[in-house]
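S.K.: Below is the structure I would like to discuss, written out as structure tokens.
Laboratory data are not the source of any read-out in this text; all were calculated from the coordinates shown. Here the structure is a predicted model, which is why all the values come from computation and not from measurement. Please note: Cβ atoms are built from the backbone with ideal geometry, for glycine as well, and neighbour counts cover all protein chains shown.
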Ligand SMILES: Nc1ncnc2c1ncn2[C@@H]1O[C@H](COP(=O)(O)OP(=O)(O)OP(=O)(O)O)[C@@H](O)[C@H]1O
Ligand code: SF4
Ligand SMILES: [Mg+2]
């Protein structure tokens, strides 16, 4: 879109989380409101990772928080465990949140500065089971995320680095053994080497804890490597949803193509591309009529201002059988060292294959990062919202394609 629709939602038994027509608006003075999220829908199958990408301010964090009902959305349904979270009482909602956890965008400010790390991690156990920070699961969890329980447990957040704080956030979110983990830009505040460690840690824990994940980020390379499917957001709407490989190889929406074209190339001699996005994101207080992307879309036509394009499925892709993980991805963390496990130090990650990502990307694909049970149809559903039915990605590189198809000068 930016448009609406649910044609991309899947009808299968293993859908864990289904978001339908989610709307989040923030009231302003004089009757105005911020249209932060405007009728988006997506679903996530068990064990799947859905990447959520888009420019700053497009509504990614608002979507993550709306799933957690913090605050409750203005409209739409969040179906989890066969229940609509929006309709639950406060008590029922608190109970559901043990199975649905979120890692927040800023690792340091999301931790209570007055509490010790052990108490922060033990909070869920204390609330739900009356257990304290001496429960053995707290030390085990700290060790799981690569922190030395003896040294890190008694510190406070300001005595730790950003990467260590992010490990604490992950430990806190996993202590109650959730089913779904929403990661809101978990690595964007970290330097590149620490990003790789945290991403690998998340991949390992996902396999070990059998997690289903929503992974929010603006770094397209990071999202590509960690996600099974990717949803692209623009100004509170979803433009395109597709399996990760397909979306990056053949973007079906002009906005996705422009986003990919704007990724810098790790080649000092490469010419700067003109095919990236120009202009600013319009104000969500008064979004454009019709397709919200029309004010920046090189293919916009009169039709785009009058009608909001609806989600339309692409041709079904092949069902792929993926290899089972070697050892389930567990066992890549070992004896904790001084604060952080030495095997997670910058030299240690075992990058099985380079990502081919642009400069600055820390994403690393590791053996065992592919989850079992993905020999199903979950990878083949793609859809986009654009009135241009004929818009087809060619076999060219995203940059060349974007120039040609979006009419940018070559
Ligand atoms: N509490 C709030 N009150 C008013 N407006 C808000 C509030 N929270 C978010 N917004 C607005 O909603 C829109 C979406 O914000 P959101 O934080 O979800 O964007 P984002 O995609 O996560 O951006 P970033 O990549 O910078 O984190 C923005 O225009 C933002 O200013
Ligand atoms: S061609 Fe029209 S409908 Fe398609 S993305 Fe551009 S403005 Fe939106
Ligand atoms: Mg955000």
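S.K.: Just order 147-156, 68-77 by mean Cβ neighbour count inside 10 Å, highest at the front, would you?
M.R.: Per-residue mean Cβ counts within 10 Å order the peptides as 147-156, 68-77.
S.K.: I would also like to ask the following. For each of 179, 29, 185, 92, count neighbouring Cβ atoms within 10 Å of the residue's Cβ, then give the residues from fewest to most.
M.R.: By the 10 Å Cβ count, ascending, the order reads 29, 92, 179, 185.
S.K.: Which order do the peptides 190-196, 12-18 take when ranked by the mean count of other beta-carbon atoms within 10 Å per residue, highest first?
M.R.: Highest to lowest by the protection proxy: 190-196, 12-18.
S.K.: Work out, in µm²/s and without decimals, the Stokes-Einstein translational diffusion coefficient of segment 100-153 at 10 °C, 1.306 mPa s, Rh from Kirkwood over C-alpha pairs.
M.R.: Estimated via Stokes-Einstein, D reaches 135 µm²/s.
S.K.: Something else about it: Can you sort 209, 234 so the residue with the fewest Cβ neighbours within 10 Å comes first?
M.R.: 209, 234
S.K.: Hey, another quick one. For segment 1-123, just run the numbers: alpha carbon Rg, then divide by 2.2 N^0.38 Å, N being how many residues it has.
M.R.: 1.17
S.K.: A further question follows. State, as an integer percentage, the relative contact order of segment 88-175 based on alpha-carbon contacts under 8 Å between residues 6 or more apart.
M.R.: Reported relative contact order: 40 percent.
S.K.: Percent relative contact order of segment 37-90, based on C-alpha pairs within less than 8 angstrom and at least six residues apart?
M.R.: Averaging sequence separation for qualifying contacts and normalising by length gives 23 percent for segment 37-90.
S.K.: Sorted by packing (mean other beta-carbon atoms within 10 Å per residue), highest first, where do 113-119, 97-103 land?
M.R.: The packing order, highest mean first, is 97-103, 113-119.
S.K.: Now, a different point. Over segment 208-283, what is the relative contact order in whole percent, taking alpha-carbon pairs under 8 Å and six or more residues apart?
M.R.: Over segment 208-283, the number comes to 20 percent.
S.K.: Relative to the compact-globule scaling 2.2 N^0.38 Å, provide the ratio for the alpha-carbon radius of gyration of segment 18-72.
M.R.: Computed over Cα atoms of segment 18-72, the ratio equals 1.24.
S.K.: Separate question: To the nearest µm²/s, what D does Stokes-Einstein give for segment 58-161 at 25 °C and 0.890 mPa s, using the Kirkwood radius over alpha carbon pairs as Rh?
M.R.: Rounded to a whole number, D works out at 158 µm²/s.
S.K.: While we're on this one: How would segment 159-235 be classified by its alpha-carbon gyration tensor: rounded, prolate or oblate, with rounded meaning a/c under 1.5 and the a/b versus b/c comparison settling the rest?
M.R.: Oblate is the answer for segment 159-235, as a/c is 1.5 or above yet b/c matches or exceeds a/b.
S.K.: For segment 192-278, rounded, prolate or oblate, judged on the Cα gyration tensor with a ≥ b ≥ c (square roots of eigenvalues), a/c < 1.5 rounded, else prolate if a/b > b/c?
M.R.: oblate
S.K.: Compactness ratio of segment 40-81: Cα Rg over 2.2 N^0.38 Å, N = residue count?
M.R.: Dividing the Cα radius of gyration by 2.2 N^0.38 Å gives 1.21.
S.K.: For segment 192-236, rounded, prolate or oblate, judged on the Cα gyration tensor with a ≥ b ≥ c (square roots of eigenvalues), a/c < 1.5 rounded, else prolate if a/b > b/c?
M.R.: Judged from the Cα gyration tensor, segment 192-236 comes out oblate (a/c at least 1.5, b/c at or above a/b).
S.K.: What is the order of 46, 30, 83, 60, fewest Cβ neighbours within 10 Å to most?
M.R.: 30, 83, 46, 60
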